[in-house]
1. Name the residues in the stretch 90-120 that are surrounded by fewer than 19 Cβ atoms within 10 Å (Cβ to Cβ), out of contact with any helix residue (DSSP H, G or I) (no Cβ under 7 Å at 6 or more places or on another chain) and in a helix (DSSP H, G or I), would you?
2. Residues to consider are Ala308, Ala244; find the one that is hydrophobic (A, V, I, L, M, F, W, C), modelled with pLDDT of 95 or more and more than 27 Å from Leu92 (Cβ to Cβ).
3. Can you tell me how many residues in the stretch 129-162 are among the hydrophobic types (A, V, I, L, M, F, W, C), closer than 24 Å to Val19 by Cα and out of contact with any helix residue (DSSP H, G or I) (no Cβ under 6 Å at 6 or more places or on another chain)?
4. Can you tell me which residue is nearest to ligand 1 (Cβ to nearest atom) among those in the stretch 121-152 that are surrounded by fewer than 16 Cβ atoms within 10 Å (Cβ to Cβ), touching a residue at least 12 places away in the same chain (Cβ under 8 Å) and of a type outside the set (Gly, Ala, Ser)?
5. Give me a count of the residues in the stretch 252-270 that are over 16 Å from the mean Cα position of the chain (by Cα) and either within 16 Å of ligand 1 (Cβ to nearest atom) or not in a loop (DSSP other than H, G, I, E, B) (or both).
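The values are calculated or read from the model by the stated rules, or taken from the named source; none is laboratory data. These numbers were taken from a predicted model, which means no experiment stands behind them. Glycine also receives a Cβ, built like all others from the backbone with ideal geometry; neighbour counts cover every protein chain displayed.
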Amino acid sequence: MIVLGIETTCDETAVAVVVDGHEILSNIIASQTDLHAEYGGVFPELASRRHLEAILPTVEEALRVAEVRPEEIDLVAVAQGPGLLGSLSIGLNAAKGLAFGWNKPLIGVNHVEAHLYAAMMGKENIPLPALGVIISGGHTVMVRIEAVGEYEMIGATVDDAIGEAFDKVASLLDLAYPGGPLIEKLAKEGNPEKYPFRAGKVKGRPWDFSFSGLKTKVLYAVKGQNSSRDAPSLIDEEDKADIAASFQRAALSDIVEKSLAAARDFGCASVVLGGGVSQNMRLREMFHEESCLPIFWPEKELCGDNGAMIAGLGKELFEKRGGDPLSIEPVHRIPFESISP
Ligand code: KG4
Ligand code: ZN
């Protein structure tokens, strides 16, 4: 089964051609990070405009690299949400137009679920139930995975997503956007124990996450107690590396500790990670040092937003529940529980 997968939830216009849910023939990502860098985050109107320019050339490129003709496509899969509404509607309208014009079925999939699927793609030996952990710029979610398409919600962030916290801390340290990889790099030169930062706890909800207090602690370390964001920075280069290392230790150890505790309490036999932050090598080391369960990661090119994970998940779900009508709409927020029928 040959599936075209389209992803435009945020700032990547991404299209892939995937055979049977795992053989990736092409995975083209037209990134917009340069466009948004000067704003320190994604500028929604600019994102939609760039998606509109990039979507059809990216589809053509994905077909060309895959050496697949439109008539050979069996299914068009598209990320239906969650994400920026303007961006989502460009991908969704393109997918609808292609499905209609080529006379192929269409399926809308959940972007967050697809991040998890990225680590499961082509792997048949993942012990289930598994603890699924999605850590990206927009999401921090833990679920129990019974099977692809069957999940039990365990916890989520109550404020910032972990990737968003990396990006905001990076901006406080005058690092470029997206800040996650730059914090990881700088943290290698710093002392992770220098600042006693800790991620937040959510009262009565042991499986939820909170990163906004941690971000405020970093702000005060950089600019002085109770300072505002536009106050001048008081730190030197050495402090900067120590802050990056201490922040990274605090944020990542919260993910590792809660994930392993949840895996135990919810009877999971493995841990599956996905989302942009899962590229962080320190995180991978920490999980492997501390877990006695097998851990599954996406390939590097499948960690961030991409069309291959959408195509792969689209195929699995199409086999379970069939396609969607051309009338489906983009969904800005989708609770994880309702992503599968
Ligand atoms: O999954 P993704 O590409 O987009 C969303 O769906 O949000 O994730 C992007 C996020 C950004 O916040 C970025 O800073 C973060 O992933 N990220 C990292 C690393 N690489 C990307 N965070 C920490 N360490 C990294 N190496
Ligand atoms: Zn994403």
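1. The answer is Asn93, Gly97, Phe100, Gly101.
2. Ala244
3. Result for the stretch 129-162: 2.
4. Checking each candidate, the answer is Lys123.
5. Selection size over the stretch 252-270: 13.
To keep it simple, each residue is scored yes or no on (1) out of contact with any Pro (no Cβ under 8 Å at 6 or more places or on another chain); (2) under 30 Å from Ala170 (Cα atoms); (3) small (Gly, Ala, Ser); (4) in contact (Cβ under 8 Å) with a residue 12 or more places away in the chain.
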site: Met1; (1), (2), (3), (4): yes, no, no, yes
site: Thr33; (1), (2), (3), (4): no, yes, no, yes
site: Val42; (1), (2), (3), (4): yes, yes, no, yes
site: Leu46; (1), (2), (3), (4): yes, yes, no, yes
site: Arg49; (1), (2), (3), (4): yes, yes, no, no
site: Glu53; (1), (2), (3), (4): yes, yes, no, no
site: Leu56; (1), (2), (3), (4): yes, no, no, yes
site: Ala95; (1), (2), (3), (4): yes, no, yes, yes
site: Ala99; (1), (2), (3), (4): no, no, yes, yes
